[in-house]
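Encoded as structure tokens, the structure appears first; notes follow it.
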Amino acid sequence: MSRRELPRRKKRPAVETKPPLQTRAEPAVPAMAVATPNERPLLNRELSWLAFNGRVLDEARDERWPLLERLKFLCISENNLDEFFMIRVSGLREQLSAHLTEVSDDGLSPLEQLVLVRKGVQTMETGQTACLHEELLPRLAASGISVLGWSDLDGTQRQAAREYFLRDVLPVLTPLAVDPGHPFPFLSNLSLNLAIETRNPDTGEVRFARVKIPPTIPRLVSMRTIVEGKKKVRAARAEFLLLESLVQANLEELFPGLDILSSYLFRITRDADIEIQEDEASDLLATIEQEVRRRRFGAVVRVEVSPETPSQIRKLLMRQLEVQDVDIYDVAGLLGASDLMALVKLDRPDLKDASFTPAFPRSFGIPDGSIFQAIRQGDILLHHPYDAFAPVLDFVESAADDPKTLAIKMTLYRTSSDSPLIPALIRAAENGKQVAVLVELKARFDEENNIVWA
């Protein structure tokens with residue numbers, strides 16, 4: 001999610017702007033004098049964004065909201081930070097690698113901005129971790145929603161979880177060793193991985209391996225699914241086992257005959273920005289489609305690890321992923337916490353805001369009348385989301401079948417995959433009407449969906 005998808009809330013007092021990051025492909029950053037925000041006539045774009053996301057995090061801390069609403073804001077702030085690295089931080093790194101000397105409007109060089117951004121992100125991640133592990137998760141557990149690790153399971157649950165692992169998880173895992181004969185595997189953007197050290201008990205040889213936590217299985221595995229009706233199921237509680245914890249506890253199944261010395265979770269973020277020179281693109285649709293495919297191979301801009309990750313693992317990741325110390329972020333909590341958004345879908349209305357029903361304008365309440373009759377009586381202003389969107393859908397669908405309609409011309413932006421608008425427009429074209437639609441191909445992170453519609 002991004003700023004456009006934030007739920008509407010009452011205004012809150014602005015939070016203090018938090019300093020923030022740094023670079024790679026450059027030597028250690030020297031000490032430098034950087035102007036404080038109060039000394040600059042303009043706000044830095046990147047620091048301003050971090051301040052905005054700090055206010056999102058403040059909503060997660062606000063005890064006036066129900067628990068699952070607070071968790072939703074925490075997940076939004078985590079997801080926003082991912083996008084910040086994929087777009088904003090990657091852009092600063094490109095400026096730095098291109099040796100651009102031009103400063104931002106507030107007078108900061110790319111390197112100075114990266115230094116401040118890193119500090120701000122570290123502060124933000126500390127706040128996110130504290131909010132999640134010290135406030136939200138304990139209170140959710142007290143309310144009957146628990147996120148568990150392997151150590152939280154009793155003997156019966158562990159046996160059931162192991163059976164689930166062997167049956168449903170093990171077949172989709174692919175352990176990959178790294179040695180002179182096996183190159184370091186490609187790591188997809190935002191993927192969660194295990195860095196594993198194994199030792200051959202016969203030769204004493206220590207080797208590194210990587211296991212990707214499969215995205216095809218829900219990261220939060222319901223204990224009801226695992227235990228499948230056995231005696232220990234507590235129906236009154238919603239308990240979920242973290243998939244990575246389940247995999248870590250059963251690594252011996254992936255490396256038979258080897259000793260598991262250690263395993264550490266890490267998560268990477270890649271450059272996902274799309275740069276297109278529209279005046280040089282003969283076919284904008286094909287160009288964007290090609291750039292979307294390339295996005296998955298962008299340079300790594302962030303590696304998140306647990307603070308316990310040893311130096312030899314960090315150095316290996318830095319070497320193989322072509323990053324530096326400043327690209328490594330210690331996260332003393334759950335990596336990729338935005339995945340907890342799945343909990344928001346639970347049927348717990350007591351932990352959510354009351355549902356909101358948009359108003360249906362009285363203008364459309366004409367007995368046995370069509371939407372065209374309502375429009376003939378006067379202009380109608382719809383204010384979304386407070387007014388229902390149904391009249392808009394009704395308008396397009398009615399126009400698609402209306403014999404007097406000659407043409408439909410409209411703009412589509414961030415259209416959902418199940419939108420009834422597209423079938424209606426197709427039906428209109430099949431009915432002989434002129435249909436002209438402007439599709440915003442460059443809506444960030446919606447490009448693939450819009451390419452399909454276009």
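Note on the range 30-65: among residues that are open to solvent by less than 30 Å² (accessible area, probe 1.4 Å) and outside any helix (DSSP H, G or I), the one that is modelled with the lowest pLDDT is 40. Any residue at all in the range 378-392 that is open to solvent by 90 Å² or more (accessible area, probe 1.4 Å) and either under 23 Å from residue 439 (Cβ atoms) or in contact with a Ser or Thr (Cβ under 7 Å, 6 or more places away or on another chain) (or both)? Yes, there is a match, as at least one residue in the range 378-392 is open to solvent by 90 Å² or more (accessible area, probe 1.4 Å) and either under 23 Å from residue 439 (Cβ atoms) or in contact with a Ser or Thr (Cβ under 7 Å, 6 or more places away or on another chain) (or both). The single residue among 282, 311 that is at pLDDT 60 or above, open to solvent by 40 Å² or more (accessible area, probe 1.4 Å), of a type in the set (Ser, Thr, Tyr) and more than 19 Å from the chain's Cα centre (by Cα) turns out to be 311.
Within the range 104-130, residues that are open to solvent by less than 40 Å² (accessible area, probe 1.4 Å) reach partners that are modelled with pLDDT of 90 or more and among the β-branched types (Val, Ile, Thr) with beta carbons closer than 7 Å, at six or more positions or on different chains, in the pairs 117/89; 118/326; 125/331; 129/331.
Of all residues in the range 169-180, those that are under 14 Å from residue 221 (Cβ atoms) and open to solvent by 40 Å² or more (accessible area, probe 1.4 Å) have Cβ atoms under 9 Å from Cβ atoms of residues that are in a helix (DSSP H, G or I) and among the charged types (D, E, K, R), 6 or more apart or on another chain, in 170/253. Within the range 200-242, the set of residues being at pLDDT below 90 and β-branched (Val, Ile, Thr) comprises 225, 226, 227, 233. Hey, can you tell me all the residues within the range 395-420 that are buried (at least 17 other Cβ atoms within 10 Å of the Cβ) and either touching a Cys at 6+ places or on another chain (Cβ under 7 Å) or farther than 16 Å from residue 435 by Cα (or both)? Residue satisfying the conditions is 415 alone.
Scan the range 190-203 and tell me whether some residue there is within 28 Å of residue 343 (Cα to Cα) and surrounded by fewer than 16 Cβ atoms within 10 Å (Cβ to Cβ). No, the range 190-203 has no match at all.
The values are calculated or read from the model by the stated rules, or taken from the named source; none is laboratory data. These numbers were taken from a predicted model, which means no experiment stands behind them. Cβ atoms come from the backbone with ideal geometry, glycine included; neighbour counts cover every protein chain shown. Heads up: the accessible areas ignore ligands, DNA and RNA and are worked out on the full protein's heavy atoms, side chains in. Shrake-Rupley method; radii C 1.70, N 1.55, O 1.52, S 1.80 Å.
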